[in-house]
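Colleague: Following this message is one structure expressed as structure tokens.
The values are calculated or read from the model by the stated rules, or taken from the named source; none is laboratory data. What you are looking at is a predicted structure, and each value in this text was computed from that prediction instead of being measured. Methodologically, a virtual Cβ is constructed for each residue, glycine included, from the backbone with ideal geometry; neighbour enumeration extends over all protein chains shown. To get the accessible areas, we keep the full protein, side chains included, count just its heavy atoms, and leave off ligands, DNA and RNA. Shrake-Rupley method; radii C 1.70, N 1.55, O 1.52, S 1.80 Å.
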Amino acid sequence: MPTSSASFEDLFHRVRQDYGQLWDVKLRGKTLEIITPHSTTTDKFVSVFLVAQGDDFVVSDGGFLSHGNYTETDMGESVCYNRMVEHLEDHYAIKQVMDTVGTVIYYKKTNQAERVSSLVLDVASFIVGAVNASQVPFVPATETAARRRFTGQANSYMREVFARREVKFNSQVTEDIKTKYSAILRHRTKVSLVNYVTGSDEYYFSNSISKANMGFELLEGTMVSTLIKHRVALVDDVSTGYQAGAFAGHLRVLRKTCPVVLWSQKDELHTILEGE
């Protein structure tokens, strides 16, 4: 056991020295990658990126969260996960921006050099929290697998059929509207929105229908609504959760908002989205 305050001070200096040696940097053009000692439950050390923009210093995640650099699977998309990330964004005062290819970048900025260290700590802590939250099983593994399967199939189909158009997946229409849409197809000055509907059982399938419908209805009365050419729900009618009789009422309500295309009849999607 320590016998004096001096012993504790020696330990403190050793801890600080050892901790400091865990930091590393890489210069990437005009951007400095700071590799921090902060780690996630996926056993990855967190990097933040420092760049000067005019009079400001910007510290960001470099798009690593969006690209899945910290996880072997997709980041979570459950309501609970989204709320946790929103809480982390508010707590650390994190902002986000989307680049030209649809990558979401989380960042903080300051015009005071002495505050950069604080920003590095905040952004790194935010990344750790977001990644660790994504590893919590908020939904059953069967639901996660069903959603990942259909999303992968639908995304591949969209890429193939609309190869000549710009298509973004799981993205926002604008920064002001936080809702994400399964696919956004650009037509010159307008966009078409597609929401995927699937589920491993009746409960999750019903929720998916409601979420798709709400996502479209949220645009009503907004400035963005004038930019929307088509809104379509792509329904996974071959999933284990799909029951035509049970969801007849749900789909009838959904059809009041947008056309509904069944996955087994997915060629109709091309007809709708390429139509006037």
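Colleague: Could you please find all residues in the range 100-131 being of a type outside the set (Ser, Thr, Tyr), open to solvent by 50 Å² or more (accessible area, probe 1.4 Å) and in a loop (DSSP other than H, G, I, E, B)?
Modeller: Correct list: VAL101, ASN111, GLN112.
Colleague: Kindly indicate the residue of the range 168-219 that is in a helix (DSSP H, G or I) and open to solvent by 60 Å² or more (accessible area, probe 1.4 Å) and also nearest to GLY275 (Cα to Cα) among those meeting that condition.
Modeller: GLU217
Colleague: So which strands (runs of 3 or more DSSP E) are wholly in the range 12-81 and hold at least 2 residues that are surrounded by 17 or more Cβ atoms within 10 Å (Cβ to Cβ)?
Modeller: Answer list for the range 12-81: 31-39, 45-53, 56-60.
Colleague: Of the residues that sit in the range 243-276 and are part of a loop (DSSP other than H, G, I, E, B) and at pLDDT 90 or above, which one is least open to solvent (accessible area, probe 1.4 Å)?
Modeller: Among those that are part of a loop (DSSP other than H, G, I, E, B) and at pLDDT 90 or above, it is CYS258.
Colleague: If ARG148 passes every condition in (1) within 22 Å of the chain's Cα centre (by Cα); (2) closer than 23 Å to GLU268 by Cβ but one, which one does it miss?
Modeller: Just one mismatch for ARG148, condition (2).
Colleague: Starting from the range 161-179, take each residue that is within 25 Å of ARG148 (Cβ to Cβ) and modelled with pLDDT of 85 or more and list its partners that are surrounded by 14 or more Cβ atoms within 10 Å (Cβ to Cβ) and of a type in the set (Phe, Trp, Tyr), counting only C-beta distances under 9 angstrom and pairs at least six apart or across chains.
Modeller: LYS168/TYR181; PHE169/TYR181; ASN170/TYR181; SER171/TYR181; GLN172/TYR181; VAL173/TYR181
Colleague: Quickly run through the range 132-165 and pick out the residues that are within 27 Å of VAL97 (Cα to Cα), open to solvent by less than 80 Å² (accessible area, probe 1.4 Å) and touching a strand residue (DSSP E or B) at 6+ places or on another chain (Cβ under 8 Å).
Modeller: Selection gives THR151, ALA154, ASN155, MET158, PHE162.
Colleague: Report yes if some residue within the range 220-230 is part of a strand (DSSP E or B), open to solvent by less than 60 Å² (accessible area, probe 1.4 Å), in contact with a strand residue (DSSP E or B) (Cβ under 7 Å, 6 or more places away or on another chain) and of a type outside the set (Asp, Glu); otherwise report no.
Modeller: Within the range 220-230, one or more residues are part of a strand (DSSP E or B), open to solvent by less than 60 Å² (accessible area, probe 1.4 Å), in contact with a strand residue (DSSP E or B) (Cβ under 7 Å, 6 or more places away or on another chain) and of a type outside the set (Asp, Glu).
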